[in-house]
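Working notes for the structure below.
The values are calculated or read from the model by the stated rules, or taken from the named source; none is laboratory data. These numbers were taken from a predicted model, which means no experiment stands behind them. Heads up, the Cβs are rebuilt from the backbone with ideal geometry, glycines too, and the neighbour counts pull from every protein chain shown. These area figures cover heavy atoms from the full protein model, side chains too; ligands, DNA and RNA do not enter into them. Shrake-Rupley method; radii C 1.70, N 1.55, O 1.52, S 1.80 Å.
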Amino acid sequence: MDAAVIDSIHQVLADRLPEGRGRAASVLGAQGPLRALDYGAYFDVAVDKLNGVADPDVVSDAARYLTERIGAIRDDDPVRPDDGTGTDQPRVTTLSADYYTQAEIDRLKRWWDAEADNGLDLTGLSAADLAAAKRNLAHCLELLERCAPELYGETLEVLGEIVFARPNGGQRLELAGASSFALWGAAVINAEIQGWPLQFQTLVHEAAHNLLFAVARNEPLVLNDIEERVFSPLRNEERPIDGVYHAAFVSARECLALDRLLCWHEEEDALSAEEAETVELLLNGSAIAFWQCAQPLRSHARLSPLGDAILGECETYMSKNFVVETN
């Protein structure tokens with residue numbers, strides 16, 4: 001992902017920099033790694049270049065950010081000090097001046113709050129609430145490492161940044177978390193979701209979105225028109241088919257992680273009876289959601305070869321491991 005985006009940044013910045021393409025090539029002598037904000041700034045510039053609809057001030061700020069940021073990567077000059085989570089853990093932040101400038105907060109909110117009819121208006125946490133959220137996250141990561149080491153390693157590979165925030169309460173849908181292709185490698189998690197099992201599920205869910213973004217970076221998953229809609233059980237409304245595809249994939253990944261957690265519990269007696277019951281309920285819900293998404297995809301989606309292969313692998317796994325009972 002990083003190498004491809006650096007090449008694309010070169011292209012979109014070449015027209016923005018007064019010194020021209022030679023200056024862009026010099027600035028972009030970087031090899032990464034990129035941060036989610038770097039992706040967001042790239043998309044701020046690229047969307048304007050493609051569609052001509054972005055705020056000119058946003059585009060100018062993004063171009064300026066990219067020249068400075070990529071230059072910092074090239075010179076191995078960290079933009080911000082480490083937040084203490086360690087190099088092998090996601091950077092954990094909130095939407096505050098302790099971690100971001102106001103322009104960066106606006107950029108994150110802009111790309112996570114992309115549905116016009118479901119505004120989130122995310123806000124940051126207090127230091128005490130962020131500390132509590134970090135403790136809950138550490139517990140979830142520890143459980144994931146114990147029950148599914150390969151999923152744990154994959155999560156650390158694709159999620160470099162986790163932002164805890166709160167929606168304003170005016171959104172139509174309950175928010176657990178959110179990801180965006182334009183902020184690849186990052187996820188926002190609602191700090192108000194109750195109980196570590198749901199946060200565990202949300203962590204896996206958002207990592208799965210980011211994984212699928214990366215896998216499908218060079219090929220679409222579905223070939224339907226972007227305006228075409230099908231019913232989504234997770235939203236109780238019609239959604240773009242690509243969105244339903246993502247819902248199917250992340251639901252299957254939730255099943256994998258939650259099932260591994262229950263199997264580990266059976267071996268180690270690691271969870272309380274109440275915790276195990278909650279995890280099982282979440283697992284059942286994820287399994288039902290997968291099949292409710294897979295059915296309209298097989299009926300209405302025109303899948304690319306990549307999309308067909310991935311969905312087929314999910315269907316094979318789900319059929320072997322979970323029986324759907326119908327009355």
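Just to be sure before I move on: is L122 modelled with pLDDT of 95 or more, surrounded by 12 or more Cβ atoms within 10 Å (Cβ to Cβ) and within 30 Å of G195 (Cβ to Cβ) in the structure I sent? It is false that L122 is modelled with pLDDT of 95 or more, surrounded by 12 or more Cβ atoms within 10 Å (Cβ to Cβ) and within 30 Å of G195 (Cβ to Cβ). When every residue of the range 259-269 is checked against the conditions, at least one turns out to be open to solvent by 40 Å² or more (accessible area, probe 1.4 Å), assigned to a loop (DSSP other than H, G, I, E, B) and closer than 29 Å to E150 by Cα.
Tell me yes or no: at least one residue of the range 235-249 is open to solvent by 10 Å² or more (accessible area, probe 1.4 Å) and of a type in the set (A, V, I, L, M). No. Only residues that are under 16 Å from the mean Cα position of the chain (by Cα) and farther than 29 Å from L271 by Cβ were counted across the range 161-185, and they come to 6. Selection over the range 278-297 of residues that are closer than 12 Å to L198 by Cα and in contact with a helix residue (DSSP H, G or I) (Cβ under 6 Å, 6 or more places away or on another chain) gives a count of 5. For the range 186-224, name all the residues that are open to solvent by 30 Å² or more (accessible area, probe 1.4 Å) and touching a Pro at 6+ places or on another chain (Cβ under 9 Å). Answer for the range 186-224, where residues must be open to solvent by 30 Å² or more (accessible area, probe 1.4 Å) and touching a Pro at 6+ places or on another chain (Cβ under 9 Å): E192, E219.
Just to be sure before I move on: is L256 modelled with pLDDT of 95 or more, under 17 Å from C140 (Cβ atoms), open to solvent by 40 Å² or more (accessible area, probe 1.4 Å) and not charged (D, E, K, R) in the structure I sent? Spelling it out, it is not the case that L256 is modelled with pLDDT of 95 or more, under 17 Å from C140 (Cβ atoms), open to solvent by 40 Å² or more (accessible area, probe 1.4 Å) and not charged (D, E, K, R).
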